[in-house]
Amino acid sequence: MSLDNQTVAKYLEEIGVLMRLAGENDFKAIAFDRAARTIENLDEAIEEIIAEKKLTDIKGIGKSIANDLYALAETGSIPVLEELNSRVPDGLKQWLNISGMGPKKIYKIHKELGITEIAELKQKCEDGSVAELSGMGKKSAEKILKSIAWMEQFDERCRFDEAERVANMMYEALKNVPGVKKIDVAGSYRRRLETIGDIDILIAADSEDVAHIFDVFTGHEQVVEVLGRGDTKSSIRTKEGRQVDLRIVTKKQFAAALMYFTGSKEHNVVMRQRARDRGFALNEYGLFHLDEDGNTDFEKPKSFETEADIYKELDLNWVPPELREDRGEFALFEEKEHIGLVNDSDIRGVIHAHSTWSDGKFSIEQMARACIEKGYEYLGITDHSKTAAYAGGLNIDKVKRQWEEIDALNQKFSEEGLEFTVFKGIESDILADGSLDYPDDILAGFDFIIASVHSGLELPKEKMMMRFENAIKNPYTTMLGHPTGRLLLKRDGSALDMNRLLELAAKHNVVVEINASPWRLDLDWRFGNKARDLELITSVNPDAHDTEGIDDIRYGVYIARKAKFGKERVLNTLSRDEITEWFTNRKSTKN
Ligand code: DGT
Ligand code: CA
Ligand code: CA
Ligand code: ZN
């Protein structure tokens with residue numbers, strides 16, 4: 001098996017978590033955490049070090065962990081992990097999905113109340129038993145209940161990135177099966193919705209190939225349950241608990257079926273009405289003439305090859321799937337062939353990234369070199385500000401030393417002939433009264449400032465709006481970070497009057513980021529029309545805490561498209577020179 005550093009780190013991390021769930025000495029667990037961090041940040045490939053049996057040469061890796069990893073490389077498993085996995089009750093592992101529940105807290109409740117299932121935990125929170133435990137209290141019990149409710153409510157949905165893994169896996173498994181003429185993923189996945197219910201795959205094939213294709217689908221190694229199988233549709237559940245629907249149609253029906261199963265339902269309703277208004281019936285099988293009684297005349301199909309052909313028949317240009325939500329796309333595409341949505345390749349630089357100076361996993365130089373490798377022209381580094389002490393926020397002294405490091409780094413890049421700039425940014429907390437986290441003379445030293453709320457997210461709407469209004473009016477604020485603070489399927493966002501917030505931002509020339517982390521995707525695309533009316537500028541920001549996190553930008557681009565942003569309204573589509581000038585101008589025209 002191939003073992004990259006990330007994979008090995010994940011194994012070690014899992015051992016640390018399970019040890020705590022098993023109530024073992026924290027020292028042992030910490031050793032695994034630390035080894036995981038070390039290996040993750042290693043420049044050399046861990047696989048080679050394992051092969052050379054030189055693991056104990058690495059600082060922080062003792063003999064015992066080294067032996068665990070040798071076993072992993074040889075046998076594909078780690079005995080201590082296997083043992084922990086069988087010792088820790090499965091029910092307890094589920095508790096980790098409850099937002100705010102760490103393994104130590106879980107073990108404590110489990111041990112003191114003798115329960116292992118989430119249903120039991122719920123009951124013990126309700127009857128007051130959890131509140132009575134030392135270090136807990138009524139508030140904690142209520143919080144746990146709320147988190148469980150959240151979890152249950154959203155159990156049936158998952159984040160886009162989770163769906164993407166499953167969708168890609170099934171797509172790859174099916175695309176080359178004999179008889180598959182066309183294949184596409186439809187549904188909310190194709191519309192790039194931020195959370196996905198089930199995954200809808202569509203295949204075009206002849207009827208004699210259907211049974212065999214369904215066999216491959218339901219027999220896939222990741223399938224744990226076949227939910228149903230008919231002549232044209234089959235549904236399964238994967239190991240991760242995701243439902244996948246596969247529909248097989250004829251090649252002739254494919255375009256209509258793809259459009260139908262891409263949805264959204266709301267978009268389809270309007271399309272069907274447009275068809276009727278023009279004497280047609282539109283359904284998943286195709287476009288047909290209506291007979292004199294107004295019924296679908298299946299004998300009289302209208303021919304078409306592609307989705308675009310169908311749209312054309314209904315006096316529309318092809319609507320990109322992201323926009324099919326009945327939110328103004330019909331008016332736009334009656335007129336225009338396209339509306340110039342931003343693309344992945346338009347993004348020229350990376351804004352909003354953390355380094356080891358605060359809670360990131362890599363140095364500024366490592367982050368910068370990763371950006372260079374990925375073809376970007378600049379990196380706007382934004383570690384946390386001083387109030388975010390839990391995330392290693394920078395005091396003034398550290399800010400100044402970071403600036404020196406960035407200056408030196410830019411010097412080094414230019415000596416190496418690299419046309420790359422690291423900009424001095426900060427992710428400043430928006431404090432309780434809406435002020436930023438440093439005195440003005442320090443704020444003035446940054447190239448740009450992202451202002452974000454990280455505490456007091458649950459304040460009443462008026463209070464939150466007051467904070468944001470002050471932050472927006474602060475001349476040093478360049479952009480707002482993750483405006484609602486939501487964590488998808490985990491934590492609700494702050495109560496905000498988003499329309500008013502966007503109006504204020506536009507008025508004061510403040511950019512509102514689309515935080516591209518698949519956990520956030522915040523600004524919500526549903527405010528895209530408002531943003532468009534206001535000519536608001538966004539920036540598609542990965543909020544990267546490691547080099548891999550930089551790639552989250554593409555999720556942000558999906559959302560920016562869904563929110564109808566064109567390249568001209570996305571800040572980090574500017575080139576290095578352009579954005580240097582933009583930052584300079586922004587600073588000199590403090591409003
Ligand atoms: P999801 O799975 O909840 O994230 O959202 P979708 O949009 O993927 O919904 P799903 O899987 O129930 O159905 C896929 C598409 O099929 C949906 O977007 C539109 C179409 N569709 C399904 N049921 C209906 C229906 O009753 N009426 C109409 N007009 N379209 C439907
Ligand atoms: Ca779906
Ligand atoms: Ca479905
Ligand atoms: Zn943040």
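The values are calculated or read from the model by the stated rules, or taken from the named source; none is laboratory data. Here the structure is a predicted model, which is why all the values come from computation and not from measurement. Note that we place each Cβ from the backbone using ideal geometry, even for glycine, and neighbour counts take in every protein chain shown. For accessibility, only protein heavy atoms count, side chains too; no ligands or nucleic acids. Shrake-Rupley method; radii C 1.70, N 1.55, O 1.52, S 1.80 Å.
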| task | Being among the acidic types (Asp, Glu) and at pLDDT 95 or above is the filter; apply it to segment 207-236 and report the residue that is nearest to the chain's Cα centre (by Cα). | result | Glu221
| remark: Within segment 277-319, the count of residues that are aromatic (Phe, Trp, Tyr) and exposed (fewer than 14 other Cβ atoms within 10 Å of the Cβ) comes to 1
| task | Could you check, for segment 27-49, whether at least one of its residues is under 22 Å from Ile109 (Cβ atoms) and aliphatic (A, V, I, L, M)? | result | yes
| request: Can you work out which of the residues in segment 515-563 that are closer than 22 Å to Ala370 by Cβ and β-branched (Val, Ile, Thr) is most open to solvent (accessible area, probe 1.4 Å)? | output: Thr547
| task | Just need a number here: residues in segment 173-189 that are within 10 Å of ligand 2 (Cβ to nearest atom) and closer than 15 Å to Ala256 by Cα. | result | 3
| said: Restricting to segment 165-182, count the residues that are within 27 Å of Ile559 (Cβ to Cβ) and away from ligand 1 (no atom under 13 Å from the Cβ). | reply: 7
| request: Go over the candidates Leu316, Leu332, Leu282 one by one and state the one that is in a strand (DSSP E or B) and either of a type in the set (A, V, I, L, M) or out of contact with any helix residue (DSSP H, G or I) (no Cβ under 6 Å at 6 or more places or on another chain) (or both). | output: Leu282
| remark: Expected single match for loosely packed, with under 15 Cβ neighbours inside 10 Å, within 16 Å of ligand 3 (Cβ to nearest atom) and either modelled with pLDDT under 95 or of a type outside the set (Ser, Thr, Tyr) (or both) among Glu172, Glu156, Glu126 is Glu156
| query | Which condition breaks for Lys398 when tested against (1) exposed (fewer than 15 other Cβ atoms within 10 Å of the Cβ); (2) touching a residue at least 24 places away in the same chain (Cβ under 8 Å)? | reply | (1)
| said: Taking the criterion of being more than 26 Å from the chain's Cα centre (by Cα), within 16 Å of ligand 3 (Cβ to nearest atom) and under 30 Å from Arg327 (Cα atoms), would at least one residue in segment 180-200 satisfy it? | reply: no
| field | segment 532-552 residues that are within 16 Å of ligand 1 (Cβ to nearest atom), paired with ones that are assigned to a loop (DSSP other than H, G, I, E, B) and at pLDDT below 95 (beta carbon under 6 Å, 6 or more apart) | value | none
| field | Among the residues listed as Leu488, Leu431, the single one being within 16 Å of ligand 1 (Cβ to nearest atom) and either open to solvent by 40 Å² or more (accessible area, probe 1.4 Å) or under 30 Å from Ile98 (Cβ atoms) (or both) | value | Leu488
| Considering residues of segment 237-256 that are at pLDDT 95 or above and within 20 Å of Leu227 (Cβ to Cβ) only, the residue farthest from ligand 1 (Cβ to nearest atom) | Ile248
| task | Of the conditions (1) closer than 20 Å to Ser428 by Cα; (2) touching an Asp or Glu at 6+ places or on another chain (Cβ under 6 Å), Thr356 clears all except one; give me its number. | result | (2)
| request: With respect to Glu120, determine if the residue is closer than 25 Å to Asp522 by Cβ, in contact with a helix residue (DSSP H, G or I) (Cβ under 9 Å, 6 or more places away or on another chain) and either outside any strand (DSSP E or B) or in the same structural domain as His267 (by TED's automatic domain parsing) (or both). | output: no
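Is segment 537-545 home to any residue that is modelled with pLDDT of 95 or more and more than 24 Å from the chain's Cα centre (by Cα)?
Initial filter on segment 537-545 (modelled with pLDDT of 95 or more): 537-545.
Now narrow it down to the ones that are more than 24 Å from the chain's Cα centre (by Cα): none.
The answer is no, given that none of the residues of segment 537-545 is modelled with pLDDT of 95 or more and more than 24 Å from the chain's Cα centre (by Cα).
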| remark: Within segment 337-361, residues over 20 Å from the mean Cα position of the chain (by Cα) and closer than 19 Å to Trp403 by Cα come out as Thr356, Trp357, Ser358
| Does segment 354-395 hold any residues that are in contact with a Gly (Cβ under 9 Å, 6 or more places away or on another chain), within 14 Å of ligand 4 (Cβ to nearest atom), more than 21 Å from Leu42 (Cβ to Cβ) and open to solvent by 40 Å² or more (accessible area, probe 1.4 Å), and which are they? | Thr387
| task | Determine, yes or no, whether Ile406 is surrounded by 15 or more Cβ atoms within 10 Å (Cβ to Cβ), closer than 22 Å to Val570 by Cα and either of a type in the set (Val, Ile, Thr) or at pLDDT below 95 (or both). | result | no
| Tyr476 being under 12 Å from the mean Cα position of the chain (by Cα) and either in the same structural domain as Thr195 (by TED's automatic domain parsing) or among the hydroxyl-bearing types (Ser, Thr, Tyr) (or both) | no
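Inside segment 196-208, can you point out the residues that are touching a strand residue (DSSP E or B) at 6+ places or on another chain (Cβ under 8 Å) and more than 7 Å from ligand 1 (Cβ to nearest atom)?
First, the residues of segment 196-208 that are touching a strand residue (DSSP E or B) at 6+ places or on another chain (Cβ under 8 Å): 196-205.
The answer is Ile199, Ile201, Leu202, Ile203, Ala204, Ala205.
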